[in-house]
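The values are calculated or read from the model by the stated rules, or taken from the named source; none is laboratory data. Not measured: the values here are computed from a predicted model. For neighbour counting, all protein chains shown are included, and Cβ atoms are generated from backbone atoms with ideal geometry for every residue, glycine included.
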Amino acid sequence: MKILVTAKRVTDPDAKIRVKPDGTGIETAGLEYKLNPFCENAIEAAVSMVEKHGGEAIAVTIGTADVEQNLRTALAMGCERAIRVEIADDQLDSDLTARILVKLFETEKPDLFLLGKQAVDGDSNQVAQLVAEMLDLPQACFASGIVIENGEAVVTREIDGGIETIAVKLPAVVSADLRLNTPRLPTLPNVLKAKRKPLQVLTPAALGVDTALKVATVAYEAPPQRKGGIKVKTVQELVEKLQNEAKAL
Amino acid sequence: MGTTLVIAETFGGKLRKSTFNAVTFAKALAAKTGGDFAIGLLGSGVAGLAGELTGYGAKAVYVADNAGFANYLGGPWAKAVAALADQAGATSVAATSSTFTRDLLPRVAARMGAGMVSEVLSVVDGTKFLRPMWAGNVVATVEVKTPKAVFCVRGTEFDAAQATGGASPVQAVAVAPEDNGKQRYVKFEAVVSSRPDLAEAAVVVAGGRGLKDKAGFAILDPLADLLKAAIGGTRAVVDAGIAPNDLQIGQTGKVIAPQLYIGVALSGAIQHIAGMKASKTIVAINKDPEAPIFSVADYGLVADAFKAVPELVEEIRKIKGV
């Protein structure tokens, strides 16, 4: 099985994000970067499928050279090789991201394209679905389980109201949710090995992708802050406040 | 100018109330652009629900009732919705964010060649919109550059539209899912609960990892019963299998805004706060006085949940006289 899998770099999901005073972006000084948690689930799924069925997992990402550190993490987790497409994160929207990934899919012709269901910075939750439609492939998004059998991926999906199971014929696009698996931590020997694995760099121009955006982010601001409340000392005081002050009971 | 096609969502043969949040968005957009809106209802055996959609000022309610829509599948449905948008002469498609619409709408956008805005918080003008990024720690202004657009709307930011009278014409349309045989529905295992829907409940009681296990989580039941509340949880309790995934509140789960939210034994990670900070009144009960949840709580109680929750139930029973 040949699997293409995304390895997007994001700001540390637990970091406090602050907007620049001029509203042109976020303060990046001192920020750490990690692999998008949903991409980690996708990579774990890809690598364990290759371990089971043979083949190769190829990690792909889009960004400037500094994202290669995180791409190497995907290699250390077990992907055989990696591809980076050179364009800065703030020059992208979901549509352009998808159009670049579509080109990589067309070049590599994998059996399965695994993506994280959303990136925890932009929070758009669009790219897997866009890629699937652009390629006219079946999609199974928000996967909490994937079984490959008889040329299909049988996927359990976490949806409102319960768990759904659908089957999609390969090649297919699947987006990973957090309950899909527990991503492995790369071992030191694998981290060292990852440094020597092939990493190809491409450009949108070389792929023939027009970099015009459909949706541009034009300003950033901090959300309205909730003003802090009070601490109550007892349950009785809490109930009294809820009843008489907040009128919430 | 332009028409927004609002996609109605149904579940178990009923209209989801969240449909009317998207109607409010469509009205807000129409007010900025001088356009109007229509409603699209797709499903199997849904024609009878059309009457519930005619009193909201839509220029038409389009009904595509086809047995092929019995189960949702992204590819076939996206083709149908894009075809309906075309027939309706719609310049944009909108729906309230849910796992159904988040799965469907990007495919519709790709098919229409439209820019798509996820989790719309408000309408700035006809092309600019506010949306959250970084788990709601940033509010971004985004500009749609394409003539057509698709919007996935955050329900908590647009009040459900109220019926205004009038009678939108109901029009049956011959739009069917185009199944290319690449995907099939297998089964659905519903989470059965007698409690209100988490996304719609007026009161929500949420539990965190501090409740330890299923037995611990169950201390929330009497409180939820008493307040007719929905129960929710953090990612941690869902990951641990203590609560089903459908109950996860937060950045990657459900975003809620009840009148009263009571968070029990949860620390208030950024990702959880992203999903509940729009609640009207927030109560936090946690034994750690430094827990971040207290920074957004109107009323914080530093206490052991296993003692405080049963006490809270007793006190509320007293004032309610039950």
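Would you list the strands (runs of 3 or more DSSP E) that sit entirely within the stretch B:122-193 and hold 3 or more residues that are more than 11 Å from every other protein chain (Cβ to nearest Cβ)?
B:170-172
Quick check: is even one residue across the stretch B:133-154 farther than 30 Å from A:Asp22 by Cα, of a type in the set (A, V, I, L, M) and either outside the structural domain of B:Val255 (by TED's automatic domain parsing) or at pLDDT 95 or above (or both)?
For the stretch B:133-154, residues farther than 30 Å from A:Asp22 by Cα, of a type in the set (A, V, I, L, M) and either outside the structural domain of B:Val255 (by TED's automatic domain parsing) or at pLDDT 95 or above (or both): absent.
When you go through A:Val201, A:Val218, A:Val173 one by one, which is the residue that is aliphatic (A, V, I, L, M) and in contact with a helix residue (DSSP H, G or I) (Cβ under 7 Å, 6 or more places away or on another chain)? Steps first, please.
Numbers: A:Val201 fails: in contact with a helix residue (DSSP H, G or I) (Cβ under 7 Å, 6 or more places away or on another chain); A:Val218 fails: in contact with a helix residue (DSSP H, G or I) (Cβ under 7 Å, 6 or more places away or on another chain).
On inspection, the qualifying residue turns out to be A:Val173.
Output the qualifying pairs, or none if there are none: Cβ atoms under 9 angstrom, residues six or more apart or on different chains, first residue in the stretch B:14-31 and closer than 11 Å to B:Val153 by Cα and touching a residue at least 24 places away in the same chain (Cβ under 8 Å), second residue acidic (Asp, Glu) and part of a strand (DSSP E or B).
B:Ala26/B:Asp36
List the pairs whose first member sits in the stretch B:59-84 and is closer than 14 Å to A:Gln129 by Cα and within 14 Å of chain A (Cβ to nearest Cβ), whose second member is assigned to a helix (DSSP H, G or I) and among the polar types (S, T, N, Q), and whose Cβ atoms are under 7 Å apart, counting only residues at least 6 apart or on separate chains?
Short answer, once both residue conditions are applied: B:Gly74/A:Gln129.
Would you mind finding the one in B:Lys214, B:Lys182 that is in contact with a Pro (Cβ under 6 Å, 6 or more places away or on another chain), modelled with pLDDT of 95 or more and not assigned by TED's automatic domain parsing to the domain that holds B:Gly68?
B:Lys182
Having 3 or more residues that are without any contact (Cβ under 8 Å) to a residue 60 or more places away in the chain is the bar; report the helices (runs of 4 or more DSSP H) wholly within the stretch A:168-245 that clear it.
Qualifying helices (runs of 4 or more DSSP H): A:188-194, A:235-244.
State all residues of the stretch B:217-272 that are of a type outside the set (D, E, K, R) and on the phi > 0 side of the Ramachandran plot; if no residue qualifies, say none.
B:Gly241, B:Gly250, B:Ala265, B:Gly268, listed by residue number.
Can you tell me which residue among B:Val264, B:Val283, B:Val255, B:Val237 is farther than 23 Å from A:Leu238 by Cβ and either hydrophobic (A, V, I, L, M, F, W, C) or at the interface with another protein chain (Cβ under 10 Å from one of its Cβ atoms) (or both)?
Working: B:Val264 fails: farther than 23 Å from A:Leu238 by Cβ; B:Val283 fails: farther than 23 Å from A:Leu238 by Cβ; B:Val237 fails: farther than 23 Å from A:Leu238 by Cβ.
On inspection, the qualifying residue turns out to be B:Val255.
Which one of A:Lys34, A:Lys103 is more than 20 Å from B:Val138 (Cβ to Cβ) and among the charged types (D, E, K, R)? First the steps, then the outcome.
On the way: A:Lys34 fails: more than 20 Å from B:Val138 (Cβ to Cβ).
The conditions single out A:Lys103.
Please indicate, with yes or no, whether at least one residue in the stretch B:49-70 is closer than 26 Å to B:Asp246 by Cβ and of a type in the set (Lys, Arg).
No, the stretch B:49-70 contains no residue that is closer than 26 Å to B:Asp246 by Cβ and of a type in the set (Lys, Arg).
Working only within the stretch A:90-119, note down all residues that are of a type outside the set (D, E, K, R), under 18 Å from B:Met116 (Cα atoms) and not in a helix (DSSP H, G or I).
Hits for the stretch A:90-119 are A:Leu92, A:Gln118, A:Ala119.
Counting only residues that are polar (S, T, N, Q) and within 14 Å of another protein chain (Cβ to nearest Cβ), which one in the stretch A:151-196 is nearest to A:Leu137 (Cα to Cα)?
Here the residue is A:Ser175.
Could you list all residues from the stretch A:121-150 that are charged (D, E, K, R) and more than 8 Å from chain B (Cβ to nearest Cβ)?
A:Glu149
Take the conditions out of contact with any strand residue (DSSP E or B) (no Cβ under 7 Å at 6 or more places or on another chain), farther than 20 Å from A:Asp160 by Cβ, crowded, with 22+ Cβ neighbours inside 10 Å and at the interface with chain A (Cβ under 9 Å from one of its Cβ atoms) and apply them to B:Ala110. Does it pass? Spell out the reasoning first.
Working: out of contact with any strand residue (DSSP E or B) (no Cβ under 7 Å at 6 or more places or on another chain): yes; farther than 20 Å from A:Asp160 by Cβ: yes; crowded, with 22+ Cβ neighbours inside 10 Å: yes; at the interface with chain A (Cβ under 9 Å from one of its Cβ atoms): yes.
Judged against the criteria, B:Ala110 is a match.
Since B:Asn180 meets every condition but one in (1) out of contact with any Leu (no Cβ under 6 Å at 6 or more places or on another chain); (2) in contact (Cβ under 8 Å) with a residue 24 or more places away in the chain; (3) closer than 30 Å to B:Val123 by Cα; (4) not acidic (Asp, Glu), which condition does it not meet?
(3)
Return yes or no: is B:Leu301 in contact with a His (Cβ under 8 Å, 6 or more places away or on another chain) and assigned by TED's automatic domain parsing to the domain that holds B:Asp225?
Working: in contact with a His (Cβ under 8 Å, 6 or more places away or on another chain): no; assigned by TED's automatic domain parsing to the domain that holds B:Asp225: yes.
No; evaluated as a whole, the condition is false for this residue.
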